[in-house]
């Protein structure tokens, strides 16, 4: 079991975990508009940003807010993609990184909301049409659901990254012991799983960003 989970071990050195340097690898793949002519890679990024901009237009109105959330989306997506390459550490499979993204954002939303929109935050604790006898319970439920939001965001991203990588590792462990026909079936299943992981890498970054933007809208 330890050999399976070694792919998630960030400690390559007793003094410093060099695996965390993989967070900066996506910077190598960003298109450099100031140095290169527009290319297909550049156009792909523009299409991706335009898609996210249209999605966030429904939730957010100010342009500066959308830029911040699009930056978070692109960073998480590229880190997820880089984790699919061999011998590259998947940083988004660790709660320490995912919590460092979700917790400060959630705390800033709560501080701004309770200091500047206190009445709105209080009324948001009780859904419209709730019977008076159920109001204390609804306040308690809404408070708990609000507190666990950064944890659920982090756990969702972590669990999806770990599950896919573990499945790929477990299936490929016995590949050298199979006959030729089963080897072909294994390669086909691994290819399908890799395509699934590519979609999961994008979907999870999209879900993380959209949920954060929805939480920001509530304040």
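The values are calculated or read from the model by the stated rules, or taken from the named source; none is laboratory data. Predicted model only: the values in this text are computed from it and were never measured. Note that we place each Cβ from the backbone using ideal geometry, even for glycine, and neighbour counts take in every protein chain shown.
Quick notes
- Complete set of residues in segment 201-219 that are more than 29 Å from residue 115 (Cβ to Cβ) and surrounded by fewer than 17 Cβ atoms within 10 Å (Cβ to Cβ): 202, 203, 206
- The listed residue being part of a helix (DSSP H, G or I) and either without any contact (Cβ under 8 Å) to a residue 40 or more places away in the chain or in contact with a helix residue (DSSP H, G or I) (Cβ under 7 Å, 6 or more places away or on another chain) (or both), out of 198, 211: 211
- Flag for residue 203 being at pLDDT 90 or above and within 26 Å of the chain's Cα centre (by Cα): yes
- Residue under evaluation residue 160, criteria (1) touching a residue at least 12 places away in the same chain (Cβ under 8 Å); (2) more than 21 Å from residue 194 (Cα to Cα); (3) surrounded by 12 or more Cβ atoms within 10 Å (Cβ to Cβ), criterion not met: (2)
- Among residues that are under 27 Å from residue 21 (Cα atoms), out of contact with any strand residue (DSSP E or B) (no Cβ under 9 Å at 6 or more places or on another chain) and either at pLDDT 80 or above or in a helix (DSSP H, G or I) (or both), residue 96 is included.
- When residue 43 is tested against (1) touching a helix residue (DSSP H, G or I) at 6+ places or on another chain (Cβ under 9 Å); (2) more than 20 Å from residue 204 (Cβ to Cβ); (3) at pLDDT 80 or above, only condition (1) is not met.
- Members of segment 169-200 that are surrounded by 12 or more Cβ atoms within 10 Å (Cβ to Cβ) and either under 24 Å from residue 74 (Cβ atoms) or in contact with a strand residue (DSSP E or B) (Cβ under 8 Å, 6 or more places away or on another chain) (or both): 194, 196, 197, 198, 200
- Of the candidates 88, 79, the single residue that is surrounded by fewer than 18 Cβ atoms within 10 Å (Cβ to Cβ), within 26 Å of residue 29 (Cα to Cα) and touching a helix residue (DSSP H, G or I) at 6+ places or on another chain (Cβ under 6 Å) is 88.
- Screening segment 108-187 for helices (runs of 4 or more DSSP H) wholly inside it with 2 or more residues that are closer than 21 Å to residue 83 by Cβ and in contact with a helix residue (DSSP H, G or I) (Cβ under 7 Å, 6 or more places away or on another chain) returns the ranges 149-173.
- Test result for residue 86, outside any helix (DSSP H, G or I) and at negative phi: yes
- Single residue of segment 111-144 satisfying the filter (touching a residue at least 24 places away in the same chain (Cβ under 8 Å) and surrounded by 13 or more Cβ atoms within 10 Å (Cβ to Cβ)) that is farthest from the chain's Cα centre (by Cα): 117
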